[in-house]
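Student: One structure, as structure tokens, below. Some questions next.
The values are calculated or read from the model by the stated rules, or taken from the named source; none is laboratory data. No experiment lies behind these values; they were computed from the predicted model shown. Cβ atoms come from the backbone with ideal geometry, glycine included; neighbour counts cover every protein chain shown. All accessible areas refer to the heavy atoms of the entire protein, side chains included, with ligands and DNA or RNA removed. Shrake-Rupley method; radii C 1.70, N 1.55, O 1.52, S 1.80 Å.
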Amino acid sequence: MYNKNLIDLESMNAEQIDKLVKRAKKIMQNPADFRHACDGKILATLFYEPSTRTQMSFQTAMLRLGGRTIGFDNPMNSSVAKGENLKDTISVISGYADIIAIRHPVEGTAMAASLYSDIPVINCGDGGHLHPTQTLTDIVTLSCEKGRLDNLKIGVCGDLLNGRTVHSLIKALVKYKNNSFTLISTPELGVPLYIIDILEKNNCKYTVSHNLADAISDLDVLYMTRIQRERFKSEEEYLEQKDVFVLDKKKLENARDDMIILHPLPRVNEITVDIDDDPRAMYFKQAQYGMYGRMALILLLLQDEDFVLKSREVIVSEHRCKNPKCVTQYENYLPNHSYEKLGMQMCDFCDKRID
């Protein structure tokens, strides 16, 4: 089965990613050619969680393509405040717009939304689960700044457990040859097991490190992430982790001259501001690349009939997902969809194992 929803970058193959990158570069080179590409089209941005770059990047992308935007950036300003469920919100808005971009603090919400939408749905982040359009931003940046998407040594550092941008980035870059990862985190904030499964299934080399200064010396790319206060159960747990990994000038002395530094932003204190002027610091330029990547994505989903994304085969499970962060815990009408992976049943919404 195929669809027009970008929920997880696993649904895009390397050829489709390359096609999007090529389109983004074409828009960068000739922006005037695309000023009316989406005349008459409407993008709905449904942001149940705070955002600056992702929301404004999507809005700007649609405006630069000649389209318009509707939506909300605070669910308390919508009928959600009155108790409206996700199904009803999506069913109504998909009748108003041509494409939906949704961010939500609950894992699996974008997948759930796609079940009830008549128009394409783009996942702009679902809790600590996935953030595929940030990864498209990262990939456009890598292609433009490093000139390739293969044969890269990538270090990812920070909150790798809750860092949805990290999960999506790994899922995308395992599609390319000879990429390897250094996973830099505290033991408590290491990547989820399903990400390790993806690395091993794709024969992708990886190492685990608890020391940023030691790990930085041989990297092509350092991908820093913040420790996400909003994902912790208590302030005490957050404070124990928040200053463990900080990139400063002293650590950067160990890095190669051609290494680039990426960060999905917002930054808190994990990169000191005196690094901003270093030519290796690409995180502000990365945000600009993201707008062009999102312009390309909108165009491909709305106008390219051949650009369809593969759906995995799902079954109706006898068991309901027990992950307390899964959308199925909040929207209890959702079907018990699961899929099989390595002999285990996995929740189709949050990708956690169903026992």
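Student: If contacts are Cα pairs under 8 angstrom and at least 6 residues apart, what is the relative contact order of the stretch 32-162 in percent?
Tutor: Values: 200 pairs, mean separation 27.2, N = 131.
Result for the stretch 32-162 is 21 percent.
Student: Could I ask something else about it? Among the listed pairs LYS82/LYS171; LYS4/LYS352; LYS146/LYS325; LYS26/LYS352, which are separated by more than 29 Å between their Cα atoms?
Tutor: Details: LYS82/LYS171 37 Å; LYS4/LYS352 24 Å; LYS146/LYS325 37 Å; LYS26/LYS352 38 Å.
Where the Cα-Cα span goes over 29 Å, the pairs concerned are LYS82/LYS171; LYS146/LYS325; LYS26/LYS352.
Student: Moving on. Hey, any idea what Rg/Rh is for the stretch 91-209, computing Rh the Kirkwood way over Cα pairs?
Tutor: Numbers: Rg = 15.8 Å, Rh = 15.4 Å.
Rounded to two decimals, Rg over Rh is 1.03.
Student: To continue, here is another question. Could you point to the residue in LEU63, PRO105, SER91 farthest towards the positive end of the stretch 16-122's charge dipole, with +1 and -1 charges on the Cβ of Lys/Arg and Asp/Glu respectively?
Tutor: With unit charges placed on the Cβ atoms, the residue in question is LEU63.
Student: So, with a 1.4 angstrom probe, what is the percent of accessible area on the stretch 284-325 that is carbon and sulfur? Walk me through the numbers on the way to the answer.
Tutor: On the way: 1230 of 2410 Å².
Carbon plus sulfur share of accessible area: 51 percent.
Student: Quick one: dipole size for the stretch 269-351, taken about the Cα centre, charges +1 on Lys/Arg Cβ and -1 on Asp/Glu Cβ, in debye to the nearest 20.
Tutor: Working: 9 positive and 14 negative charges, 60 e Å.
Result for the stretch 269-351 is approximately 300 debye, rounded to the nearest 20.
Student: Whenever you get a sec, line up ARG353, ARG226 from highest to lowest accessible area (probe 1.4 Å, protein heavy atoms).
Tutor: Numbers: ARG353 140, ARG226 50 Å².
In descending accessible area the options line up as ARG353, ARG226.
Student: Need the full-extension length gain, ASP277 to ASP39, defined as separation in residues times 0.36 nm minus the C-alpha distance. One decimal, nm. Write out the running numbers ahead of the final one.
Tutor: On the way: separation 238, 0.36 × 238 = 85.68 nm, distance 3.87 nm.
Taking ASP277 through ASP39 to full extension adds about 81.8 nm, to one decimal.
Student: What ranking of PHE34, PHE284, PHE307 comes out by heavy-atom accessible area, probe 1.4 Å, highest first? If you can, show how the numbers build up before the last one.
Tutor: Details: PHE34 25, PHE284 110, PHE307 5 Å².
Descending order: PHE284, PHE34, PHE307.
Student: Report the Cys residues of the chain lacking a disulfide-compatible partner, meaning no second Cys Cβ under 4.7 Å from their Cβ.
Tutor: Lacking a cysteine Cβ partner under 4.7 Å: CYS38, CYS124, CYS144, CYS157, CYS204.
Student: Then there's this: Counting only protein heavy atoms and using a 1.4 Å probe, what share of the accessible area of the stretch 44-174 belongs to carbon plus sulfur, as a whole percent?
Tutor: 47 percent
Student: Take every Cα pair under 8 Å in the stretch 1-67 that's 6+ residues apart, average their separations, divide by the length, and report that relative contact order as a whole percent. Please report the intermediate quantities before stating the final value.
Tutor: Values: 34 pairs, mean separation 24.0, N = 67.
Value for the stretch 1-67: 36 percent.
Student: What whole-number value in Å² describes the accessible area per residue of the chain for a 1.4 Å probe?
Tutor: Working: 16000 Å² over 355 residues.
Counting only protein heavy atoms, the per-residue value for the chain is 45 Å².
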